[in-house]
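To start, the structure under review is shown below, and the notes come after it.
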Amino acid sequence: MNRSLRKIFFSLEWLFIFILTACSDSKVDISYDANQNTQQNKMNEVISVCDKYGDVVVEIEHFGAIVQTDNGFIYSKLSLNSAEEAWEMEYYQYDFSTNKSILLGVISEWVYEASYDTICNGSHVYMLVTVGDSYDFDKTENYLYDIDLQKNTMEAIILKNSNSPYNSMTLAGDKIFVVTPGREKCYVNEYDTKSKSLVEIKEYSFDSKTNTGETIRHISSDEYYIYLLRLNMNTETNVQMYIDCYDWSMELVSSMDVTAVIAENTLETEDENNELRQLVSHFDVNNGYVYYENFSITRALFELSPVNTGNISNPKNIGQVVSVSPEFFRAANAMNNNALVTCYEAYKNNIFILNTDTGQINQYSFFANDKDYYITYMTQNSKEDILIFVNYKDPETSETLPSRMYFMNISDFEKG
């Protein structure tokens with residue numbers, strides 16, 4: 001079995017387990033600018049980065065997710081030293097102003113990156129990475145990586161109480177709160193970005209034999225509060241989802257049941273309780289709006305106000321903003337709480353811009369120079385710049401078009 005298939009099976013194995021149930025620091029220094037002219041590993045993909053007019057700005061070789069920053073983006077690629085039994089992943093930052101890529105560092109025995117929860121904070125980027133043996137998840141370790149974009153270094157902080165690659169995190173002030181779920185325990189940890197200290201602050205228990213108990217599926221925050229998405233299972237058929245609201249000192253402010261509004265988007269062909277039990281890849285609370293996405297097919301974008309004051313158990317307004325399908329996604333955003341939120345429909349050409357201040361949502365169409373392209377992924381930064389990833393594969397001949405990534409601003413849609 002080749003290494004790529006092993007990684008897929010690794011991820012599926014962990015997903016199956018958690019659906020049913022609920023180091024010392026190291027530094028890596030850079031030494032050179034990356035040369036993007038030749039493909040160094042056939043497992044990597046070469047993608048053209050284009051401006052809004054379709055003109056190619058640069059071509060990069062990459063593997064995995066791309067994280068947008070305010071000046072460019074961070075990407076990874078398999079190195080020449082990667083072997084079937086051990087992947088070595090190089091991380092780079094690309095800057096649009098210089099049109100250069102700089103090596104940030106290298107991670108050996110790379111297995112998985114929780115790219116759905118990367119955080120950008122000033123000149124630092126934080127990401128969750130799993131390393132070790134992809135044949136045996138008991139022989140893997142999970143790390144919080146602190147990337148300094150000014151010094152071009154990567155520092156690894158081990159998550160000692162984590163035995164799952166599907167961790168989540170959020171930023172509140174100078175602290176990062178990391179949720180580390182396990183088979184029977186789930187922990188909330190606090191990492192101080194100034195002192196570099198990591199402490200365990202909350203614990204939840206789950207009985208894997210009876211499938212009862214509670215765990216945290218994801219975490220989010222805004223300028224005042226921290227939100228824990230809590231799964232509670234009294235029985236396998238009595239599943240409830242709550243949003244617990246805490247202040248930054250982790251004192252509980254209020255809690256509300258959001259089971260109904262999430263289950264409302266479950267397809268009729270799916271088991272509602274099973275969908276609620278799924279691991280959650282995205283949970284974002286932003287200015288009274290909540291985006292929910294699990295690793296299965298349920299998505300939800302709903303208004304929740306008041307979300308953090310008064311009697312939150314009886315909110316004045318809770319309801320869907322827009323009818324969503326399994327192809328609906330929020331653009332990946334490593335920044336906290338933009339007023340304008342970008343969403344899209346994958347494999348189509350529809351883009352939605354939600355203004356969280358006014359509640360207005362506008363729909364636009366995006367077409368690349370070649371009309372056959374369709375949107376597969378999107379990202380957004382704090383300047384309201386967006387990256388639109390497009391691909392095409394003919395359903396009959398399997399013929400493909402070269403992958404492209406478009407760099408635009410949300411205002412470009414309003415200009416027409």
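Laid out as a table, the results:
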read-out	value
Any strands (runs of 3 or more DSSP E) falling wholly within the range 264-375 and containing at least 1 residues that are at pLDDT 90 or above	280-286, 289-294, 299-305, 328-330, 340-345, 350-355, 361-365
Where Y347 falls short, out of the listed (1) closer than 25 Å to Y75 by Cα; (2) buried (at least 19 other Cβ atoms within 10 Å of the Cβ)	(2)
Only listed residue being within 21 Å of the chain's Cα centre (by Cα), over 30 Å from S296 (Cβ atoms) and of a type in the set (V, I, T), chosen from I107, I119, I147, I102	I147
Any chance F16 is in a helix (DSSP H, G or I), under 23 Å from L128 (Cα atoms) and either at pLDDT 85 or above or within 20 Å of the chain's Cα centre (by Cα) (or both)	yes
Residue count, the range 164-185 (criterion: over 14 Å from A114 (Cβ atoms) and open to solvent by 10 Å² or more (accessible area, probe 1.4 Å))	7
The one condition in (1) more than 21 Å from D148 (Cβ to Cβ); (2) modelled with pLDDT of 90 or more; (3) of a type in the set (S, T, Y) that S82 fails to fulfil	(2)
Some residue of the range 193-202 being in contact with a Phe, Trp or Tyr (Cβ under 8 Å, 6 or more places away or on another chain), open to solvent by less than 40 Å² (accessible area, probe 1.4 Å) and more than 21 Å from M335 (Cβ to Cβ)	no
For M378: the one exception among (1) open to solvent by 40 Å² or more (accessible area, probe 1.4 Å); (2) at pLDDT 90 or above; (3) not hydroxyl-bearing (S, T, Y)	(1)
Residue check, S101 small (G, A, S) and crowded, with 22+ Cβ neighbours inside 10 Å	yes
Selection within the range 120-144 - open to solvent by 10 Å² or more (accessible area, probe 1.4 Å), over 15 Å from T180 (Cβ atoms) and not in a loop (DSSP other than H, G, I, E, B)	C120, N121, H124, V131, G132, D138, K139
Qualifying residue in the range 50-64 (condition: under 19 Å from A334 (Cβ atoms), assigned to a loop (DSSP other than H, G, I, E, B) and either among the hydroxyl-bearing types (S, T, Y) or under 18 Å from the mean Cα position of the chain (by Cα) (or both))	yes
Residue that is modelled with the lowest pLDDT, among those in the range 226-249 that are open to solvent by 40 Å² or more (accessible area, probe 1.4 Å) and farther than 19 Å from E203 by Cα	E236
Residue match in the range 168-178 (condition: assigned to a loop (DSSP other than H, G, I, E, B) and more than 16 Å from the chain's Cα centre (by Cα))	yes
Within the range 393-416, tally of residues that are open to solvent by less than 60 Å² (accessible area, probe 1.4 Å), in a strand (DSSP E or B) and within 17 Å of K371 (Cβ to Cβ)	4
Residues of the range 380-416 satisfying the condition of being under 19 Å from the mean Cα position of the chain (by Cα), acidic (D, E) and within 16 Å of N349 (Cα to Cα)	none
Of all residues in the range 250-276 being open to solvent by 30 Å² or more (accessible area, probe 1.4 Å) and charged (D, E, K, R), the one that is nearest to L304 (Cα to Cα)	D257
Count of residues meeting criterion [surrounded by fewer than 18 Cβ atoms within 10 Å (Cβ to Cβ), assigned to a strand (DSSP E or B) and modelled with pLDDT under 95] in the range 206-225	2
Qualifying positions in the range 119-154 - among the charged types (D, E, K, R) and under 22 Å from H218 (Cβ atoms)	E141, D146
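The values are calculated or read from the model by the stated rules, or taken from the named source; none is laboratory data. Quick caveat: nothing in here was measured; it's all calculated off a predicted structure. Here Cβ is always computed from backbone atoms with ideal geometry, including for glycine, and neighbour counts include all displayed protein chains. Remember, those area values only see protein heavy atoms, side chains included, never the ligands or the DNA or RNA. Shrake-Rupley method; radii C 1.70, N 1.55, O 1.52, S 1.80 Å.
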